[in-house]
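Readers should treat all values here as calculations from the given coordinates under stated rules, not as data from a laboratory. Fair warning: this is a prediction, and the values are worked out from it, not measured in the lab. Virtual Cβ from ideal backbone geometry, glycine too; neighbours counted across all protein chains shown.
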Amino acid sequence: EQAENNSGSHTPLLIFKRNRTKTYAVLEFDKLLELLERIGVSKYKIGSGEISNYLMLDKIAKTGKPIILSTGMSDYEEISKTIDFLKSYDNELSLLQCTTAYPTKPEQWGLTEIPKLKAKFNKLLEMM
């Protein structure tokens, strides 16, 4: 099921299922990041809808962990601005070519974007 946050904030929402009922726990991003750090997350993947959420990116970058930027909903200008923002943190940075169409037809995979992203941004590219 999908949960909607009408407040306009990007507060993470964790859903726990118990039998047939659901219990919702809303965590502020800082608390979620602390939890992820405690359990030993080795890198962070940023969803394409959050690629310009600089407040969140700042906090993640300060962990020093590698960052994977998903590019599915972003244009080159947005990707470029985010890469420029993250340069000063010196985290290992890679780009993830993805398509935000589900189910994705083979002609929508965007495989031709991979060499373009590599040439333009000179970053490690990942596929998922």
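Among the listed pairs 31/120; 31/118; 87/118; 59/105; 81/105, a Cα-Cα separation exceeding 28 Å is found for 31/120; 31/118; 59/105; 81/105.
What ranking, highest mean first, results for peptides 65-71, 80-86 when packing means the other Cβ atoms within 10 Å averaged over each residue?
Taking the mean over residues of other Cβ atoms within 10 Å, the ranking is 65-71, 80-86.
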